[in-house]
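S.K.: One structure, pasted below without further comment.
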Amino acid sequence: MKTLTLSLILLAPVALRAAEAAEAEHAGMTPDQLQFFEKNIRPVLVESCYKCHSAESSKVKGGLTLDTKQATLLGGESGHPGVTPGNIAQSSVYEAMTWKNEDMQMPPKQKLPDDVIANFKKWIEMGAPDPRENQVVNASGGKRVIDMEAGRKHWAFQKPVKQEPPAVKTAGWAKTEIDQFVLAGIEANGLRPVRDADRPTLIRRIAFDLTGLPPTPDEVKAFVADQSPEAVKRVIDMYLDSERYGEHWARHWLDVARYAESSGKEVNVLYPHAWRYRDYVIESFKKDKPYDQFLKEQIAGDLLKFDGKRDQANKIVATGFLAIGSKGHNNRDRRQFSMDVVDEQIDAVSQSMLGLTLACARCHDHKFDPVTQRDYYALAGIFLSSETLFGTYEQLQNNNPAGLIELDREAGQTAALAKISPSEVAELKGNYERAKTAAAEAQKEVFAMRQQDREKAGAASFLRIRGARDRAEEVKSDVDLFYEDGTPRTLAMGVLDRTSPSNSPILIRGDIKQPGDVVPRGLVEVLCAKGEPLNISPQSGSGRLDLAYWIASKDNPLTARVMANRVWLKLMGSGIVPTPDNFGAIGQKPSHPELLDYLAVTFMENGWSVKKLIREIMMSRAYQMGSGYDAANYAVDPDNKYHWRMNQRRLEAEAIRDAMLAVGGSLNFYPVDGSPVARAGEGRQGLISIFRGELSGKAYTYRSIYIPIIRDQIPEMLSVFDYPDASLVIGDRDTTNVPSQSLYLMNNPQAQSAADAFAVRIAKHPGNSAERLSYAYELAFGREPTTQEKAAISNFWMRFPQQIAKDRGTSKEAKAQAEFAALSAFCQSLIASAEFRYLN
Amino acid sequence: MNTTPFSRREFLKTGSNGFGYLAFAALAQQQALSANPQTATGPLAPKAAHFAPRAKHVIFLCMQGAPSHVDTFDYKPKLIADNGKGAPSAAGRYGTAKLMASPWKFNRQGKSGLYISELFPNLGKHADEMCILNSMSTDLPAHPQAFSQLHTGTTQFVRPSLGSWALYGLGTMNENLPGFITINPPGNATRTYGSAFLPAIYQGTKIGGNGLPGGGVGRRGGGMDQQATVANIKNSRYTTEAQRTQLDLVQALNKSRMQQDGGVSAEVEGVIESYELAFRMQAEVPKVMDLSKETAATKALYGIDEQETDAFGRQCLMARKFVEAGVRFIELTNGNWDQHFNLKASLERNTGAIDKPIAGLLTDLKQRGLLKDTLIIWGGEFGRTPHSQGEDGRDHNNKGFSMWMAGGGVKGGMNYGMTDDYGYEAVQNKMHIHDWHATVLALMGLDHERLTFRYAGRDFRLTDVYGTVAKEIMA
């Protein structure tokens, strides 16, 4: 395996070296070393430090405790290691003792004698031997011991086995093997399948399910006319091959990848490079990248073999999955921040790919699943050994910036920004130098103030320095976007291995101030066969590659099942396992376990092809059934658990919005390169655009997947129709029916202008009014109006134009206006009606 | 209580010349026949409490930024006596700081003789209605985290807010209005009224409020945008009559859809219902929000049209109107309580803006007989240090601070719990935010241990695994 050489990390990230250090010294000490510690070090710590820095102190200061070896190495809230064996420069405890740093002088009242300080230097240089091991005997507190053998018996932890489809009584109904599984369930529960969907209903269903868009009137006509037995397959293939398929199915994955372009949480810093990951996902679905490969790339794309620079860059972009999660950038405790990032990564990987809530084992053994806290910290070590590069700049409320990954110039990656001239680059750099100078001067002036004056000025002085530095950082964020010649750099969020991997200590109760045993990096025990090696070999670097191969493996009992269930859920309206993100002990059990296994195994046999899986489900009669009500069936199975009919499904917010634009002919299929977020500016400017709603309030006309997704600032149209919380893994969206949706469709200017565009299109359509009405119906619903509907519409036309004409006068122009207004109101009614946003 | 021009009942009649009547007659029949009880009740329908509720409504007056307890509701004679002395070790990292007596006098108020700062001359008159909670604590002294915990119980995760839990537990009493309304919430704090994993119908409906980034540092607060209302509540194009005609068409199409689906569809039925509620809200919401019909005396009571108190006075009056209209949970936010410096002028400005409006609200609710059913809560995310920061400020203090409640079944004229001699830490009858949540729910008739929602395979509650109800404060 080749190692990547990635030249440039923009900002020195906050390293988490403490944990590495904690691992470094496991070897025994010599008696001399022990004696040295007991004689020269321990008494000083007890005398001069423990008062404020031990677990027993009434108030632990700076988050630093010095009464165990692990905690001493780890350090305090600053994020700097307390002691790094053999490295004086990386030992903040030593630095504090020397009183060289004005802001950190310990002990505060009286500097220690020089010979004591010299002893500490000597001690650190000899490797900081320390017998005060913090032993954690049982991380679960001894209350519960997890029996792995028993745990492995959970249905989802056993490998799926392909079973023969069951025999069924009703002859001729089942078209595919899937149907046999479904029909057996239907029969066993005394139900009867309803009749098949009619052709217009079916193509509308297929079109929305594959592309997120309504079928065009021509597509409907061709399908209805096509009497060949191949018609359904043909139309499915047509949509599977369309550009729109990738965009639609990528969005499903982005829901579980908690995709967004800002940090969310308290400060909500923009992530201007997140869109690369979004585009990577679209491309992957479009090309039907094998799902196992897709997962491997997202966990360890930077470590995989690659074919040329473009392929390498794409794989690095894939690791953006690990970097785009929500983060509390204002956290002052950098170590806490790092552990929170790791926790978020474990949560996202485990829920999205394995359907497990492994992050529950952060503070204690998992309450329900056979997952230990040891498992959690074995995984944590893998992520701690990797560097998460999410960008952003240091600002008043952002204490936790990181670097980004610069993609090779020759890798043929899209740029979100236009080229600027070299002289503009020079100007930016000049601005940066000036801003830096200004910041340095502000600091100098404040520091030169007499202490009394400084105190008097209080926060004002602090803000003055901070403000000047923020301005400098903000200009720097612009400088960093370009090469000398003004070509924009192609930067990506993602993950790279650290130079030296490290293991994580178990944190007792998840508390970074209470490190316990160091756990070797490894995998989740219950998902490995008994006796199989769990640990990452020292030659494996961080271990992400091992993790990737382990998850994306045919031997992993969860991976294929979880994805097969996700695809089934999207196409059928409910999962075989109704809790798609939790296959653990308290997730719900599968309604059709054999079918789930059949789908999972077939999925793997077909080279993890998502398209083939989709096609297979769509070709089933179960998928092609009608969604009509049936009293007898309903009485037995109101939730349609056994699929006696197709579920009536609410379209997702994006599909409703895209369809609103599509029927008016105003949907733009060519979004700008990148994302508006990439152009909003980092630092303060970016924050301001978020809070002025500049990014989320605009009436964009391109497909919803390309609209900027700012956490907690989701555009109104999307949020009103249950867009998921972009900070959480959401495999199954809510679908609500609330008045705010009705108000939006009736009264919002964007809804009204969509109706206007639709009306213009109808008005231009050749033919008489009956033909125009048909056209409107074909566009909106893919069918002809019924007699009853025609009557309701004519009733509307008899009343509405008069009602709005009252105060408009009788001029020809006024009449024409009133007529158009009525046409628009009619078109809006179609958009507002239930059928527009439901699939039958 | 249907006074809207187009109530559902009237729509059934007016619709009879088109499709409406038949549609709804058939629909009503199907509803009656439907085997699924969900369709008959709906998620917002009133639900039985776990035990007899003391309060039917809550008005939460949320003071964002953390008001200083030692200058408002926590009287500390020793702090006055030791003014200027070094802070005790409890001050932690502020070891060298100096204690600062409140610049304001505390007076005994009402028959009960509660100590209340002179900053609240009007509210002080209601001392006998107030139960002052002096022993509050929260996990972290950081604004966003504590603000989140105040609303959702957690500093870290996205969880449903207090109002959403209340609505989920009890439903609402007016079909023409949302059951949880939040007025002027800070920007970037959707978590404070979000429903998280609870169905979206339980989330708060936001009125006004476009704060600045950072949750705790918004510099705007207080005032409410005159334009602010429920999103998309007004149709700019058509008269009500014309819109009703349009809606009749929409509903006829919905009805037709449902017939084609075999006559029963909970989904389409939901759409039909939500259009009718939305249509009714268009009439009801602006009416409730219209303060012009209130008498001059009422307005004066709330300090409306006085520069200092106008903004918050309007919000308080609106809260009363929402209570009258049957809304379950109303939250008002007032910002800028983060007095690290300039305490004297700034805190006085804050209290000046809310003292009269809140006193007016209590008076008004009482005279209308609504106070006994309405729980008023006042408080912020934490308190402030008894020692000074700079010469005229106080820093964050999360281990001891004060809130108060009134009305809705709490004992008046009472102090509950206390902090140490200076006000650093709660030392008696400690009330963590979890306990406070448990108590608020209990006052509404909900058992915080039974009010659960199954999400991702586990039963969640507002109080997680914590929470003790303070029974002593219940009347």
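S.K.: Report, by residue number, each residue of the range B:165-181 that is within 12 Å of chain A (Cβ to nearest Cβ) and of a type in the set (Gly, Ala, Ser).
M.R.: If the condition is that a residue be within 12 Å of chain A (Cβ to nearest Cβ) and of a type in the set (Gly, Ala, Ser), then B:179 is the only one that fits.
S.K.: Also, I was wondering about something else. Test residue B:163 against the stated conditions and say whether it is at pLDDT below 95, in a helix (DSSP H, G or I) and assigned by TED's automatic domain parsing to the domain that holds residue B:320. Give the steps one after another, and end with the answer.
M.R.: Values: at pLDDT below 95: no; in a helix (DSSP H, G or I): yes; assigned by TED's automatic domain parsing to the domain that holds residue B:320: yes.
No, not satisfied.
S.K.: Provide a single number: the residues in the range A:803-828 that are more than 16 Å from residue A:763 (Cβ to Cβ) and touching a residue at least 24 places away in the same chain (Cβ under 8 Å).
M.R.: 0
S.K.: Which condition breaks for residue B:183 when tested against (1) modelled with pLDDT of 80 or more; (2) closer than 30 Å to residue A:821 by Cα; (3) not small (Gly, Ala, Ser)?
M.R.: Answer for residue B:183: the failing condition is (2).
S.K.: List the helices (runs of 4 or more DSSP H) inside the range A:720-831, counting only whole elements, that have at least 2 residues being closer than 24 Å to residue B:239 by Cα and either in contact with a His (Cβ under 8 Å, 6 or more places away or on another chain) or within 9 Å of another protein chain (Cβ to nearest Cβ) (or both).
M.R.: Details: elements: A:739-747, A:749-764, A:769-781, A:787-805.
The qualifying helices (runs of 4 or more DSSP H) are A:739-747, A:749-764, A:787-805.
S.K.: Also, quick follow-up: Would you mind telling me which numbered condition in (1) out of contact with any strand residue (DSSP E or B) (no Cβ under 8 Å at 6 or more places or on another chain); (2) surrounded by 20 or more Cβ atoms within 10 Å (Cβ to Cβ) residue A:837 fails?
M.R.: That leaves (1) as the condition not met.
S.K.: Of everything in the range B:245-286 that's more than 9 Å from chain A (Cβ to nearest Cβ) and in contact (Cβ under 8 Å) with a residue 60 or more places away in the chain, which residue is surrounded by the most Cβ atoms within 10 Å (Cβ to Cβ)?
M.R.: Pass one, the range B:245-286, residues more than 9 Å from chain A (Cβ to nearest Cβ): B:283-286.
Restricting the remaining residues to those that are in contact (Cβ under 8 Å) with a residue 60 or more places away in the chain gives B:283-285.
Working: B:283: 17, B:284: 22, B:285: 24.
Filtering first and then ranking leaves B:285.
S.K.: Is it fair to say residue A:537 is touching a Lys or Arg at 6+ places or on another chain (Cβ under 9 Å), surrounded by fewer than 21 Cβ atoms within 10 Å (Cβ to Cβ) and modelled with pLDDT under 95?
M.R.: Details: touching a Lys or Arg at 6+ places or on another chain (Cβ under 9 Å): no; surrounded by fewer than 21 Cβ atoms within 10 Å (Cβ to Cβ): yes; modelled with pLDDT under 95: yes.
Here the answer is no, as residue A:537 does not meet what is asked.
S.K.: Among what's in the range A:53-87 and is within 14 Å of chain B (Cβ to nearest Cβ) and aliphatic (A, V, I, L, M), pick the residue that is nearest to residue A:330 (Cα to Cα).
M.R.: Residue satisfying both the conditions and the ranking: A:64.
S.K.: Right, another one. In the list A:253, A:249, which residue meets the criterion of being more than 14 Å from chain B (Cβ to nearest Cβ) and surrounded by 24 or more Cβ atoms within 10 Å (Cβ to Cβ)? Outline the logic, then answer.
M.R.: Details: A:253 fails: surrounded by 24 or more Cβ atoms within 10 Å (Cβ to Cβ).
On inspection, the qualifying residue turns out to be A:249.
Condition check ((1) modelled with pLDDT of 95 or more; (2) crowded, with 20+ Cβ neighbours inside 10 Å; (3) under 22 Å from residue A:253 (Cβ atoms)) across all residues:
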site	(1), (2), (3)
A:344	yes, yes, yes
A:360	no, yes, no
A:377	yes, yes, no
A:387	yes, yes, no
A:396	no, no, no
A:407	yes, yes, yes
A:417	no, no, no
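S.K.: Restricting the range A:550-586 to residues that are more than 14 Å from chain B (Cβ to nearest Cβ) and aromatic (Phe, Trp, Tyr), which is surrounded by the fewest Cβ atoms within 10 Å (Cβ to Cβ)?
M.R.: Across the range A:550-586, the extreme among qualifying residues is A:550.
S.K.: Could you check how many residues of the range A:442-462 are touching a residue at least 24 places away in the same chain (Cβ under 8 Å) and either surrounded by fewer than 16 Cβ atoms within 10 Å (Cβ to Cβ) or among the aliphatic types (A, V, I, L, M) (or both)? Give the steps one after another, and end with the answer.
M.R.: Applying the first criterion (touching a residue at least 24 places away in the same chain (Cβ under 8 Å)) to the range A:442-462 yields A:442-443.
Filter once more, so that each one left must be either surrounded by fewer than 16 Cβ atoms within 10 Å (Cβ to Cβ) or among the aliphatic types (A, V, I, L, M) (or both): A:442.
Here the count works out to 1.
S.K.: Still on this structure, I have one more. Among the numbered conditions (1) more than 7 Å from chain A (Cβ to nearest Cβ); (2) of a type outside the set (Lys, Arg); (3) assigned to a loop (DSSP other than H, G, I, E, B), tell me where residue B:233 comes up short.
M.R.: (1)
S.K.: Among the residues that make up the range A:417-438, is at least one of them part of a loop (DSSP other than H, G, I, E, B), touching a Lys or Arg at 6+ places or on another chain (Cβ under 9 Å) and in contact (Cβ under 8 Å) with a residue 24 or more places away in the chain?
M.R.: Just the residues of the range A:417-438 that are part of a loop (DSSP other than H, G, I, E, B), to begin with: A:417-421.
This time we only want the ones that are touching a Lys or Arg at 6+ places or on another chain (Cβ under 9 Å), so: A:417.
Still in the running and in contact (Cβ under 8 Å) with a residue 24 or more places away in the chain: A:417.
Yes, there is a match, as at least one residue in the range A:417-438 is part of a loop (DSSP other than H, G, I, E, B), touching a Lys or Arg at 6+ places or on another chain (Cβ under 9 Å) and in contact (Cβ under 8 Å) with a residue 24 or more places away in the chain.
S.K.: Scan the range A:680-719 residue by residue and report those that are of a type in the set (Phe, Trp, Tyr) and either within 23 Å of residue A:660 (Cβ to Cβ) or more than 9 Å from chain B (Cβ to nearest Cβ) (or both).
M.R.: Of the residues in the range A:680-719, the ones of a type in the set (Phe, Trp, Tyr) are A:691, A:700, A:702, A:706.
Once the filter is applied, which keeps residues that are of a type in the set (Phe, Trp, Tyr) and either within 23 Å of residue A:660 (Cβ to Cβ) or more than 9 Å from chain B (Cβ to nearest Cβ) (or both), the range A:680-719 yields A:700, A:702, A:706.
S.K.: Which numbered condition in (1) over 22 Å from residue A:204 (Cα atoms); (2) within 10 Å of chain B (Cβ to nearest Cβ) is the only one that residue A:837 fails?
M.R.: Only one criterion is unmet by residue A:837, namely (1).
The values are calculated or read from the model by the stated rules, or taken from the named source; none is laboratory data. Values in this document were obtained by computation on a predicted structure and should not be read as measured data. Note: ideal-geometry Cβ built from the backbone for every residue, glycine included; neighbour counts use all protein chains shown.
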